[in-house]
1. Starting from the alpha-carbon convex hull of segment A:81-140, give the projected area averaged over all orientations, in nm².
2. Which value in nm describes the separation of the simple spin-label points at residue B:527 and residue A:146, placed 7 Å from the Cα toward the beta carbon?
3. Whole number please: convex hull volume per residue, Cα atoms of segment B:524-602, in Å³.
4. Any idea what angle helix B:512-521 forms with the longest principal axis of chain B, computed on alpha-carbon atoms, 0 to 90 degrees, nearest 10?
5. Work out Dmax and Rg for segment B:439-582 from the C-alpha atoms and quote the Rg first, both in angstrom.
6. Below 8 Å, C-alpha to C-alpha, sequence gap of six or more: please give me the relative contact order for chain B in percent.
7. Kirkwood hydrodynamic radius, computed over distinct alpha-carbon pairs, for chain B: how many Å, to one decimal?
8. How large is the translational diffusion coefficient of segment B:525-657 in µm² per second when you combine the Kirkwood radius over alpha carbon pairs with Stokes-Einstein at 25 °C and 0.890 mPa s?
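Read-outs: derived from the displayed coordinates by stated rules, not from any lab. Quantities reported herein were computed from a predicted structural model and do not represent experimental measurements. Every residue, glycine among them, receives a Cβ derived from its backbone with ideal geometry; neighbour counts consider all protein chains shown.
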Ligand SMILES: Nc1ncnc2c1ncn2[C@@H]1O[C@H](COP(=O)(O)OP(=O)(O)O)[C@@H](O)[C@H]1O
Ligand SMILES: [Mg+2]
């Protein structure tokens, strides 16, 4: 089902409401989005506009109030939590703003985690390779606390790409890092997008970063509007 | 399962779960040590039911066994053997020792094995013979006490007998009786010549029988119908109370004591696992985002816990095994050397405890991790209140209850103990919470910040939990170590220095004047009391027997003979509490019962009792109940009858008096002149009983020490929970320029305060328990001494401070820079 005609990601009439003490917050309102396989898309928006929420819905981490999200043609909104998890396994990679490396695990073990959870073979070799790819081979045995911010980001990158996902979600991937430190990893991301055809969905408030994507969308008042690249 | 083990190892490496693992280890050690101890002690005493009787069945009487019975038993096709057991005294120089003489016929024992040695240190061998004519075999202890050796000759009544062998294991004898009256075994053919057997002497004759079940039953039933209550038929299943019952009671008590450790360790598990789970939340969210299903996660958590249970169970069992060896060593004297090899069942018990503790205490919390919303990877605030709620505590309480029932094997007892433990916890917690609230109020009211209280008042619940956990451990230590000692002291203080310490029993009427003047020569003015051996046979005209009672002590009173005396007026230390004492001019036979005796058997004033005395029956009405001050050590009786009731009955006399230690020789002289008189050294018996008690108490003390260790683990767990905050505070304070010293001082104040509160509270509660026990149970006045509270406070401070400083040592090693960079979760 993964031929070029099927979008890698598709959102139809996506709405997300939260009830708060001040009344209902309508974060996403009938949002439409289609991302083709191999595309790189940036989602820009002010803080609190709902970028992370949208990313979570696209990745199937949460269910929308209404509407549909399909990943590689599978309608995730019709699935249970565990089915979505299984769908994500090996297909989806993440780079989070806070990196979320597990503090008790070495860099290598952090990168091995997705493979171990999936019960795959050759986990260690793949993880070592991924670490080398992000230039962190020498620090495989270090714990997150022993790594600098930039190195932590690279380890998080390695964990995201180790299972060679077809879609990679990145939520503010440069986090609080300065441009020079974050730049290397970003270069890697775009290289993988170009060479391996990995779909890239990038949430950021940084217009320069967004500009490197093939398509830039702006999240405003719950809907996406195309923005000049 | 492999992945679970890998992840467990990573957690361990990262310092997670260490306290959890240690808590399980301590809990398992407590339970397995008791299991092993109980198994081996029971094995040494209880398992040999038939051996304990040395026969398949036995007929016991207080009269010599008629030769005809032996013949008849043989005609029934039964093997027979005979024993006669009675107390006597062996003298060496000026030293005397009460012994239990057993005269046996060839063939003894019919069941079980008699083991002897040629010398006390020689090789043990199973003996099929019995002592030859003119020889005795003795317990090793007799040699030690009287400084005798194999080959020496001892005098027993009128006979001189040579010590030929040392008895190491006798089937029908529990190990610890030997401490009071060591065994002297002789050939029954030598018995008459000793002159120790006579009218009124306290001999218990037994006809041992072995053979087919139907023949045994046929013979004994025939004998029973002929002889009625005059014979007692003993069977190996033994409804006899005794060693096995003591062992099983001790086992249950220790088992429950071990559970106290499990409960406290369980609190540590609850605390650490919650902390652990909270720290895992983000990691789990990441795993879920990466595609781990809830089922997969559940498997992982259970797998981790099972592995942890297996490993901690193993370690705990090893520790428990070591502990049980120490306990065995404490009570070695009580056991003799017939210990069976340790079995494997306690190992299973240990694992079961470990798994139960982990699944009961840890799983309910851990399992909630699978509900961490994966969205948490994008929004930190999600999945926050996941571990609130009472379910884990309720499940834990249920598990504790189940474990208790398993140890106690008695629902009532379980519920009572559970309620008692819960009540103690609640009281401790309430007091601790009150104190912490008070301190809080104080810091607020005083306006300025009382810096050394802030640690407590900022984390009131953690403080309360810490105080209670350490307090429980300290309290059981104080109760056993201090309060028990105090009670014994008080009790001993109440006994006057010249309280009787010697009894003479079995004085024949014709010896009375001689013994009296011998004592008078030494300035001892002793009162002599008449007595007869009696057996209770009827109540209100109906036959009464042991089968009518369930209580083992009541059964014992009905199967054994007891002493009956008469008196004109109540003696000092006796007080009529119900009914009226008889007056001189009422000729009707009447009975006065000691109130405890009456209560045990359910007798009341107005009941008519029938006793068999020397083959004759006496029936009389109970007209009053007495309270007796037993610890006066004067001669006293459960049952007294009015004057004249015992006329013409065969009587012996007994007396008690104070014998100054330097005049010990008098006893030797007395026994020399009157071999059938049996002296009983009460002081020596009390010393022995005290030693036995002390040995038992040391085992329990070891248990409380484990509880205290578990309490320390709770303390550390609480420190670990607050550790994150503490680290951050420390870093902040240090970044703001506070010296490391100053920061450490704050923690020290907090620890000392917790320790002081825990110590003071537990010492107070232990003292109050002492006061109540003294008043209600022993009728004593407990000495209230403030220093105990002080000592308790100091002990609490010392233990908490040292454990706490050790647990928190890591926070201060790190530089403020690292601390700030890591931030706090
Ligand atoms: N589960 C939720 N419950 C209530 N409000 C939520 C929830 N998730 C997101 N929000 C609200 O939605 C808004 C957008 O959040 P988010 O998607 O994180 O924005 P962004 O990533 O663009 O900064 C915020 O104001 C947040 O408070
Ligand atoms: Mg965001």
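1. Numbers: hull surface 19.1 nm².
So the mean shadow area of the Cα hull is 4.8 nm².
2. Rounded to a tenth, the inter-label distance reads 8.6 nm.
3. Per-residue hull volume (Cα only) is 140 Å³.
4. That helix lies at roughly 60 degrees to the long axis.
5. Over segment B:439-582's Cα set, Rg and Dmax evaluate to 30.1, 89 Å.
6. Averaging sequence separation for qualifying contacts and normalising by length gives 17 percent for chain B.
7. Computed over chain B, the radius equals 31.3 Å.
8. In µm²/s, the coefficient is 163.
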